[in-house]
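To keep things clear, I will list the structure first and then write my remarks on it.
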Amino acid sequence: DVKVTQSSRYLVKRTGEKVFLECVQDMDHENMFWYRQDPGLGLRLIYFSYDVKMKEKGDIPEGYSVSREKKERFSLILESASTNQTSMYLCASSLPVSPYEQYFGPGTRLTVT
Amino acid sequence: ILNVEQSPQSLHVQEGDSTNFTCSFPSSNFYALHWYRWETAKSPEALFVMTLNGDEKKKGRISATLNTKEGYSYLYIKGSQPEDSATYLCAFKLNTGNQFYFGTGTSLTVIP
C-alpha cells in the first residue's frame, strides 16, 4: 500500500518563526510536490522536485524554500512565517511518467499567529 | 496560471439521487485530466486518470467522461450514498512541463 506521510497534522507557529514541514514517501517516486489549499482557491503548487537536489518553482513560491536531500523526503521551509501563510499544506508524489497519478499525504494545517 | 473551473462549488443531494459535476479546462495543449476524491480528514485519492478525447471511465457507481476538444469533463455519481460525501477535485496537465493545475473542487454532501 502506497504511502505519503507528513510530519504533523496540525501546527501552530508564531510570526517570524522558521517552520519546517516534512514529507516522506515510500514508493520510490522521483516527483514530489508541495501544495497549499485555501478556501475558494483550490490546490496551488508551491514547489516541485523531480529528483534529489532538483527543484522548480510553482505558482506561489514566495516566502517558501524546499530541500530534497534524499529521494524519499521533501521538506518545505517557511523562512519567516507570516499570518498569510496560515493554510492547509499538502505533499504529493508521483512517478515521472504517464499517467502521473499523484499520491497525497494527509495534509498539515498550519496556523501562524 | 491556467484556469481550471469546477461547478457547482457545492452540492447537497438526498441519498439515492444521481448527480454530476463539471470540470472545465483549456482545450489546447491537453495531456491529461485527473479526478480526485478528498474525504474529510483523509488524503485526496485518485478516482480517474483520463488522457484520450472521448474517454469514459467507470468505477462502481461513479463514472467520468472527457471532451478535450471543447475542454470539459463530467463526473457522474449514480444513486448517491452518504459515503460519497467528499470534495471532488479535477486536475489538468498540459503536454509540456510537470505541473498539474487543480480546480477549486465540488463539495458533495449526501443526506441520508
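The values are calculated or read from the model by the stated rules, or taken from the named source; none is laboratory data. These numbers were taken from a predicted model, which means no experiment stands behind them. In this analysis, Cβ positions are derived from the backbone assuming ideal geometry, glycine residues included, and neighbour counts consider all displayed protein chains.
What's the number of the only condition in (1) under 30 Å from A:MET32 (Cβ atoms); (2) at pLDDT 95 or above; (3) touching a Lys or Arg at 6+ places or on another chain (Cβ under 9 Å) that B:ILE77 fails to meet?
(1)
So, A:THR5, is that one surrounded by fewer than 16 Cβ atoms within 10 Å (Cβ to Cβ), more than 12 Å from A:TYR103 (Cα to Cα) and more than 9 Å from chain B (Cβ to nearest Cβ) or not?
No, not satisfied.
Consider region B:1-58. How many of its residues are of a type in the set (Gly, Ala, Ser) and farther than 24 Å from A:SER93 by Cβ?
Of the residues in that region, 8 qualify.
Within region B:18-38, track down each residue that is within 11 Å of chain A (Cβ to nearest Cβ), more than 11 Å from the chain's Cα centre (by Cα) and not aromatic (Phe, Trp, Tyr).
Of everything in region B:18-38, just one residue is within 11 Å of chain A (Cβ to nearest Cβ), more than 11 Å from the chain's Cα centre (by Cα) and not aromatic (Phe, Trp, Tyr), namely B:ALA32.
Which one of the conditions (1) in contact with a strand residue (DSSP E or B) (Cβ under 6 Å, 6 or more places away or on another chain); (2) among the charged types (D, E, K, R); (3) away from every other protein chain (no Cβ under 14 Å) does A:ARG36 fail to meet, given that it meets all the rest?
Result: A:ARG36 fails condition (3) only.
Report yes if A:VAL52 is surrounded by fewer than 21 Cβ atoms within 10 Å (Cβ to Cβ) and under 19 Å from A:SER8 (Cβ atoms), otherwise no.
no
Quick one: which strands (runs of 3 or more DSSP E) sit completely within region A:1-79 and have at least 2 residues that are of a type in the set (A, V, I, L, M, F, W, C)?
A:10-13, A:19-25, A:31-38, A:42-51, A:73-78
Being aliphatic (A, V, I, L, M) and either over 17 Å from A:LEU45 (Cα atoms) or touching a Pro at 6+ places or on another chain (Cβ under 8 Å) (or both) is the filter; apply it to region B:5-44 and report the residue that is modelled with the lowest pLDDT.
B:ALA41
Can you name the number of the only condition in (1) away from chain A (no Cβ under 13 Å); (2) surrounded by fewer than 19 Cβ atoms within 10 Å (Cβ to Cβ); (3) among the charged types (D, E, K, R); (4) within 27 Å of A:CYS91 (Cα to Cα) that B:ASP84 fails?
Exception for B:ASP84: condition (2).
Could you run through region A:77-113 and say how many residues are buried (at least 16 other Cβ atoms within 10 Å of the Cβ), among the polar types (S, T, N, Q) and farther than 30 Å from B:PHE30 by Cβ?
Matching residues across region A:77-113 total 3.
Under the condition of being over 22 Å from B:LEU66 (Cβ atoms) and of a type outside the set (Ser, Thr, Tyr), which residue from region B:2-22 is surrounded by the most Cβ atoms within 10 Å (Cβ to Cβ)?
B:VAL13
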